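Following: one structure in structure tokens, then a few remarks.
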Amino acid sequence: MNDAERKMQFLYALRSKGVTDKRVLTAMEKIDRGPFVRGVFAERAYEDMPLPIACGQTISQPSVVGVMTQALNVSPRDKVLEVGTGSGYQAAILSQLARRVYTVDRHRRLVREAQQIFNELDLTNITAFSADGSFGLPDQAPFDRILVTAAAEDAPGPLLSQLREGGIMVLPVGQSDTVQSLIKVTRTENGFEYDELRDVRFVPLLEGLSDE
Ligand code: SAH
């Protein structure tokens, strides 16, 4: 298969799994997943599957990235927080849709490596930090959109409070060793509305910074 065929197949897999939003598809066409996957798995970067990355973590399946990004309904003026930088791929997709993206991970190494790729790709509207994202980023709050890419048992309180009125948060919730639900939380003037989107499987949201 040549590059063009691989790209066609990649986009076809996204569409067939329900990613239909034009802006999301365009962003995912533009941001090559290749640089975010290293070593022996690099050749599988264009397959619709999660893959291992450093620190025992995973880069999500492209169609799940697409579905989550689509559910987040990002507009060009939005300030977005992503919890769980991992490879940086999801943040790179968000950078195409938002005004500014803050992304945090508890592994310093992942943040460092993702930042390198952001620099190489000249994605200047992403700021990456190492931090425990369950506390959000109080200094930058409130956020228009929040995306969590690790599973918590429930939506963390600090993240709910850092969501702007009218804002949307998308996150997987549930026990880490079973199937989790992807949920969409919308902050209204009266509180929070919850929608369940689909079943997913993510690594757990863990407490504190890692040594790595
Ligand atoms: N969005 C990533 C995939 C994330 S995998 C991508 O596009 O590649 C989940 C990530 O969440 C892991 O890198 C893990 O280190 C991180 N994580 C888990 N608990 C966290 C926490 N409390 N704060 C910040 N990051 C966390």
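The residues of the chain present an accessible area of 49 Å² per residue when probed at 1.4 Å with all protein chains retained. The C-alpha atoms of the chain define a longest principal axis, and helix 3-16 lies at about 40 degrees to it.
Taking every alpha-carbon pair under 8 Å whose residues sit at least 6 apart, region 46-167 reaches a relative contact order of 24 percent. Non-local lysine pairs in the chain, meaning eight or more places apart or on different chains, with alpha-carbon distances under 17 Å, amount to 4. Residues whose amide H lies under 5 Å from that of residue 127, counting only those 5 or more places away or on a different chain, are 101, 102, 103; hydrogens are built 1.01 Å from N in the peptide plane.
Given a 1.4 Å probe and every protein chain left where it sits, what share in percent of the accessible area of the chain is carbon and sulfur? Ligands and nucleic acids excluded, carbon and sulfur give 47 percent. The charge dipole of region 3-200, taken about its Cα centre with unit charges on the Cβ atoms of Lys, Arg (+1), Asp and Glu (-1) only, comes to about 460 debye. As a check on your grasp of the helix formula, calculate [θ] at 222 nm for the chain: sum -39500 (n - 2.57) over DSSP H runs of n ≥ 4, divide by the residue count, round to the nearest 500. One gets -8000 deg cm²/dmol as the mean residue ellipticity at 222 nm.
In this entry, the chain is assigned a mean projected area of 11.1 nm², taken as a quarter of its C-alpha convex hull surface. Across the chain, C-alpha contacts under 8 Å between residues 6 or more apart give a mean separation that, scaled by the residue count, equals a relative contact order of 16 percent.
For the set 48, 105, the ranking by accessible area, highest first and with no ligand, DNA or RNA atoms included, is 48, 105 under a 1.4 Å probe. Helix 108-120 and the longest principal axis of the C-alpha atoms of the chain enclose an angle of approximately 60°. Sorted from longest to shortest, the spans of the Cα atoms of region 140-212 along the three principal axes equal 36, 30, 14 Å.
The values are calculated or read from the model by the stated rules, or taken from the named source; none is laboratory data. Note that the coordinates shown come from a computational prediction; the quantities given were computed from them, not determined experimentally. Note that we place each Cβ from the backbone using ideal geometry, even for glycine, and neighbour counts take in every protein chain shown. Note: accessible area is taken over every heavy atom of the protein model, side chains too, but ligands, DNA and RNA are not part of it. Shrake-Rupley method; radii C 1.70, N 1.55, O 1.52, S 1.80 Å.
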